[in-house]
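*Asks:* First the structure, then my questions, so here it is.
The values are calculated or read from the model by the stated rules, or taken from the named source; none is laboratory data. Note that the structure is predicted; figures quoted are calculated from it, not measured. Every residue, glycine among them, receives a Cβ derived from its backbone with ideal geometry; neighbour counts consider all protein chains shown.
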Amino acid sequence: MSNLSDLLPAGAGGKNVSFTASGSITQGGAVGLNSDGTVSAIAQATEAVSSIQNIISTNVYYATDSLEVLYVPDGGYTVFFYTDSNGTNSYATVATNSGTTYTVGATTTMSEITFSPAAVYDTSTQRVILAYEERSSGNQYGHAIVGQITTPGGTPTITFGTASAFSSTNTNEVDITLDTSQNKPIIVWRNQGNGRFDSIVGNVVGGSTNSISFPSSYAAIVSAYPINPKVVYNTQENKLASFRVDASSPYPAYSAIGTITGNTISWSSEAQVGTGFSTENNGADWIYVPEQNVFFAPYSRSLSSSQFWYAMGNITNGMYYGLIATNFTPIRTIHNAISGVYDPDTKSITVTGHNSSSWNISYNNTTTIDNSTGAVTLNSSWITESSSGIRKYNGTATLVANVGKVVSFFADYTPPNWTGYGTTEFYTPSGTNVSKVTVIADATVTNGNTGNVTLKGGIATTQLASAVFAYNNQNFSVASQSSFPEEVRFKPDGTKFYILGGTNDAVYQYALSTAWDVSTASYENKSFSVQTQEANPQGLAINADGTSFYVCGQSKQIYQYDLTSAYDLSTASYANKSFNLIGQFPSSSPWGLHFDSTGTKLYVISSAASGPIFQYTLSSAFDISTASYANKTVNAGLNNTVSLTMTPDGVTLYVLDYGTGIYKYTLSVADDISTATYDNVVYNVTAQDTQPYGVAVKTDNTQLYITGVQNDSVYQYSLSTALTPNSVYYVADDGTISTTSTGLRIGKALSTSSINLEFET
């Protein structure tokens with residue numbers, strides 16, 4: 001058992017399947033599916049804390065809310081936002097982690113001084129959105145800015161567009177969330193100018209502009225002075241839930257429900273969450289738990305010596321129901337810098353905070369939330385940081401999903417020198433080792449032996465998100481030009497594609513009246529024969545500006561052809577440039593090739609056993625005569641590899657295996673093929689053509705294309721990197737997941753990365 005589809009029933013009721021146990025399993029016990037296809041008993045995970053790592057060399061500001069940390073799932077980056085100790089410049093540093101160790105990339109100086117920064121990541125535009133109180137002008141207005149992470153020269157870097165104002169009055173304590181149904185950021189803040197709790201909807205534009213715009217006016221949540229204003233998005237009801245603490249004794253907290261229509265928000269009246277909340281900055285947080293549709297508010301309780309308390313509430317049919325606050329007394333009290341992070345894999349919340357008396361201890365505590373009842377269980381004690389004497393200020397936290405750990409980002413002001421660096425510390429959330437699907441064991445099985453499980457229901461998470469793949473019912477026949485289309489390549493704007501024909505040993509040119517829609521293609525009566533150089537062509541590539549193309553084949557050479565008019569095959573001629581691949585292909589043939597975006601790296605795939613992919617370096621961009629083997633390779637682990645393609649950022653690799661489908665890989669270091677690992681995701685395309693030969697990807701990674709030699713056609717597929725909350729998903733016979741109701745219903749999406757499975761025995 002290795003795929004989610006193996007667990008899904010072929011008809012009504014539960015499906016009983018064989019598995020291999022990792023660890024001993026008891027009859028009737030709940031088990032989870034591991035990434036290697038084995039299953040393990042669901043058990044309590046062990047909490048742990050890493051050593052502290054200084055990642056920011058600049059002295060950072062510590063006296064107020066000036067730090068933010070954000071995990072970016074596309075690429076596995078962590079972005080650290082901070083201001084220097086003089087309050088004169090603000091920065092964004094991008095880092096990548098290997099386990100609990102960060103490798104720091106580039107640091108970008110922000111165009112404005114940013115206080116109270118709050119950030120989200122929009123997967124639809126693949127952009128970071130930062131909202132903040134700007135202090136460059138002295139007006140403390142509310143601004144927002146959009147950033148894009150790229151890897152020039154292999155170094156992760158964030159580049160920002162132009163900042164836009166969302167408030168023209170003094171702004172304090174900013175928070176942001178993302179409406180995932182409309183992919184719109186929502187910002188809330190304390191309007192210092194009029195003492196209101198205000199909100200606004202933003203509209204993000206990616207591409208070359210990296211911009212964000214706002215309507216001319218904003219909506220008041222309530223005309224009252226808010227402390228610790230927060231907002232989260234409820235993915236089950238497509239509603240917003242606000243949070244604030246009132247400035248007057250007994251310091252109650254309130255929540256309101258917001259409904260978004262276009263660029264406007266309408267808010268309900270507030271309901272009380274609890275009383276006795278701290279009035280300190282960052283004295284509370286507001287967290288949404290999608291599985292139970294509840295909200296969790298960890299806070300410092302001002303009326304009881306700053307002890308840690310929590311409050312909960314939920315939304316049903318658009319109404320907020322607050323639950324009475326429940327006290328929890330830790331081994332020490334906490335004062336502020338409270339940050340809560342929900343982990344959907346362990347079903348737990350990690351809370352970090354600072355000691356109120358000595359300011360030298362950071363705490364981590366994880367709650368466990370019962371999947372069926374929503375009940376919260378608090379651990380009996382907190383974890384203290386690993387190094388004593390560390391003065392931690394202004395902390396915040398985020399979930400680093402690629403290792404399933406929470407990282408705390410804080411200012412380290414340790415005596416006697418009191419030099420403040422940006423410092424991180426990883427925590428391992430406590431909870432359960434729940435994997436992607438929960439099933440029930442039919443019998444007792446010892447470690448390493450086989451047994452049976454039956455699906456009872458549970459939560460399927462990020463593995464499903466990658467499996468959303470669907471045929472668009474869009475195709476185009478190229479049979480009139482070639483009866484054996486080996487490869488397909490697109491012009492970057494999607495207005496043309498090119499077919500490598502295996503029967504006639506030629507490249508053919510097609511125009512698309514609608515960009516990237518192959519059903520609108522037409523043959524332009526332009527072609528170029530490569531037979532003189534390669535009588536058995538198998539791979540095709542085109543350079544970045546369309547002035548050269550490249551062919552490889554059974555001669556074990558790559559040949560370069562130049563075009564005097566970009567992307568016009570009628571102007572092509574052999575450039576008298578080639579590169580010999582015999583060193584890596586002594587007994588096999590090259591079947592596909594691909595250049596990175598700079599033209600200085602080349603990748604060639606073989607159909608030999610395990611499907612090795614070799615990487616080459618070009619000393620002159622896109623000049624094949626300057627190529628040399630880079631001594632880097634990876635085995636795809638497949639037996640009939642015929643084509644490969646990569647996304648422009650060099651992070652995602654797709655490999656086509658003849659007769660089966662498209663396999664997805666991720667490069668932990670962009671454009672370094674030796675760092676590619678299989679994502680356990682395969683897209684089956686045999687329903688359209690049993691003999692797929694070539695694969696291409698749209699530049700924004702939302703569409704995949706294949707050539708098939710069974711029907712001599714090009715086929716188009718949609719590829720979603722995120723689920724649509726509240727949408728119902730179905731599984732087809734080939735195991736792919738989509739919203740098309742032609743397969744078996746599996747459940748409704750709880751968020752962009754989880755589905756509530758509905759199967760029962």
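*Asks:* Test Pro229 against the stated conditions and say whether it is more than 26 Å from the chain's Cα centre (by Cα), closer than 25 Å to His354 by Cα, not in a strand (DSSP E or B) and not polar (S, T, N, Q).
*Replies:* no
*Asks:* Let me ask something else about it. Tally time: how many residues in the stretch 486-507 are more than 37 Å from the chain's Cα centre (by Cα) and within 13 Å of Phe476 (Cβ to Cβ)?
*Replies:* Looking only at that region, the number is 0.
*Asks:* In the stretch 509-519, what count of residues is obtained for those that are in contact with a strand residue (DSSP E or B) (Cβ under 8 Å, 6 or more places away or on another chain) and without any contact (Cβ under 8 Å) to a residue 40 or more places away in the chain?
*Replies:* Adding up the residues that qualify gives 4.
*Asks:* Can I ask one more? How many residues does the stretch 151-182 hold that are over 21 Å from Pro215 (Cβ atoms) and either part of a loop (DSSP other than H, G, I, E, B) or out of contact with any strand residue (DSSP E or B) (no Cβ under 6 Å at 6 or more places or on another chain) (or both)?
*Replies:* Of the residues in that region, 6 qualify.
*Asks:* Within the stretch 633-643, is even one residue farther than 23 Å from Ser548 by Cβ, without any contact (Cβ under 8 Å) to a residue 40 or more places away in the chain and among the β-branched types (Val, Ile, Thr)?
*Replies:* The answer is no; no qualifying residue exists.
*Asks:* Let me ask something else. Only one of these conditions is not met by Ser216: (1) within 25 Å of Ile145 (Cβ to Cβ); (2) touching a residue at least 24 places away in the same chain (Cβ under 8 Å); (3) not in a strand (DSSP E or B); (4) not aromatic (Phe, Trp, Tyr). Which number is it?
*Replies:* It fails just one condition, (2).
*Asks:* Let me ask something additional. Residue under question is Val682, and the condition is that it be among the hydrophobic types (A, V, I, L, M, F, W, C) and part of a strand (DSSP E or B); does it hold?
*Replies:* Against the criterion (among the hydrophobic types (A, V, I, L, M, F, W, C) and part of a strand (DSSP E or B)), Val682 qualifies.
*Asks:* Using beta carbons and a limit of 8 Å, which pairs, at least six apart or on different chains, have the first residue in the stretch 707-718 and closer than 16 Å to Tyr658 by Cβ and free of Cβ contacts under 8 Å to residues at least 40 places away in the same chain and the second one of a type in the set (Val, Ile, Thr) and surrounded by fewer than 21 Cβ atoms within 10 Å (Cβ to Cβ)?
*Replies:* These pairs meet every condition: Gln710/Thr690.
*Asks:* A further question follows. Would you check if there is a residue in the stretch 556-563 being outside any strand (DSSP E or B), of a type in the set (Lys, Arg) and over 19 Å from Val695 (Cβ atoms)?
*Replies:* Within the stretch 556-563 (the criterion being outside any strand (DSSP E or B), of a type in the set (Lys, Arg) and over 19 Å from Val695 (Cβ atoms)), the answer is yes, since at least one residue qualifies.
*Asks:* Which residue is nearest to Ser181 (Cα to Cα), if the candidates are limited to the stretch 194-223 and must be more than 25 Å from the chain's Cα centre (by Cα) and of a type in the set (Ser, Thr, Tyr)?
*Replies:* Looking at residues that are more than 25 Å from the chain's Cα centre (by Cα) and of a type in the set (Ser, Thr, Tyr), I get Ser199.
*Asks:* Which residue is surrounded by the fewest Cβ atoms within 10 Å (Cβ to Cβ), if the candidates are limited to the stretch 540-569 and must be in contact with a Leu (Cβ under 9 Å, 6 or more places away or on another chain) and farther than 18 Å from Glu487 by Cα?
*Replies:* Only one residue tops the list, namely Thr547.
*Asks:* Same structure again: For the stretch 45-82, enumerate the residues that are in a loop (DSSP other than H, G, I, E, B), at pLDDT 85 or above and closer than 20 Å to Gly340 by Cβ.
*Replies:* Ser66, Leu67, Pro73
*Asks:* Something else: So, in the stretch 163-182, of the ones that are surrounded by fewer than 21 Cβ atoms within 10 Å (Cβ to Cβ), hydroxyl-bearing (Ser, Thr, Tyr) and modelled with pLDDT under 95, which residue ends up nearest to Asp65 (Cα to Cα)?
*Replies:* Thr169
*Asks:* Turning to a different aspect of this structure: Would you mention how many residues in the stretch 183-204 are surrounded by fewer than 20 Cβ atoms within 10 Å (Cβ to Cβ) and not in a strand (DSSP E or B)?
*Replies:* Adding up the residues that qualify gives 5.
*Asks:* Follow-up question, since we're still on this one. Filter the stretch 269-281 down to the residues that are of a type in the set (Gly, Ala, Ser) and surrounded by fewer than 19 Cβ atoms within 10 Å (Cβ to Cβ), then identify the one that is modelled with the highest pLDDT.
*Replies:* Ser269
*Asks:* To continue, here is another question. Out of curiosity, is Gly207 surrounded by fewer than 16 Cβ atoms within 10 Å (Cβ to Cβ), out of contact with any Cys (no Cβ under 9 Å at 6 or more places or on another chain) and either not hydroxyl-bearing (Ser, Thr, Tyr) or not in a loop (DSSP other than H, G, I, E, B) (or both)?
*Replies:* In short, yes.
*Asks:* Looking at the stretch 85-107, which of its residues are surrounded by fewer than 18 Cβ atoms within 10 Å (Cβ to Cβ) and either over 16 Å from Val669 (Cβ atoms) or touching a Pro at 6+ places or on another chain (Cβ under 7 Å) (or both)?
*Replies:* Asn86, Gly87, Thr88, Asn89, Thr107
*Asks:* If I go through the stretch 522-551 residue by residue, how many of them are farther than 23 Å from Thr598 by Cα and hydrophobic (A, V, I, L, M, F, W, C)?
*Replies:* Residues in the stretch 522-551 being farther than 23 Å from Thr598 by Cα and hydrophobic (A, V, I, L, M, F, W, C): 3 in total.
*Asks:* Considering the stretch 580-596 alone, what residues qualify as being crowded, with 20+ Cβ neighbours inside 10 Å and part of a strand (DSSP E or B)?
*Replies:* Answer for the stretch 580-596, where residues must be crowded, with 20+ Cβ neighbours inside 10 Å and part of a strand (DSSP E or B): Pro590, Trp591, Gly592, Leu593, His594, Phe595.
*Asks:* Within the stretch 615-648, how many residues are aromatic (Phe, Trp, Tyr) and under 24 Å from Thr699 (Cβ atoms)?
*Replies:* 2
*Asks:* If you scan the stretch 536-554, which residues turn out to be in a loop (DSSP other than H, G, I, E, B) and in contact with a strand residue (DSSP E or B) (Cβ under 9 Å, 6 or more places away or on another chain)?
*Replies:* Asn536, Asn543, Ala544, Gly546, Thr547, Gln554
*Asks:* Continuing with this model, one more query. Is it the case that the stretch 155-165 has a residue that's touching a residue at least 60 places away in the same chain (Cβ under 8 Å) and hydroxyl-bearing (Ser, Thr, Tyr)?
*Replies:* Within the stretch 155-165 (the criterion being touching a residue at least 60 places away in the same chain (Cβ under 8 Å) and hydroxyl-bearing (Ser, Thr, Tyr)), the answer is yes, since at least one residue qualifies.
*Asks:* Which one is modelled with the highest pLDDT, of the residues in the stretch 93-137 that are touching a Gly at 6+ places or on another chain (Cβ under 8 Å) and outside any strand (DSSP E or B)?
*Replies:* Step by step, filter the stretch 93-137, then rank; the result is Ile113.
*Asks:* In the stretch 604-622, what residues are in a strand (DSSP E or B), at negative phi and of a type outside the set (Ser, Thr, Tyr)?
*Replies:* Matches in the stretch 604-622: Val604, Ile605, Pro612, Ile613, Phe614, Gln615, Leu618.
*Asks:* From the set of residues in the stretch 699-716 that are surrounded by 20 or more Cβ atoms within 10 Å (Cβ to Cβ) and under 24 Å from the mean Cα position of the chain (by Cα), which is farthest from Gly153 (Cα to Cα)?
*Replies:* So, considering only residues that are surrounded by 20 or more Cβ atoms within 10 Å (Cβ to Cβ) and under 24 Å from the mean Cα position of the chain (by Cα), the one farthest from Gly153 (Cα to Cα) is Gln716.
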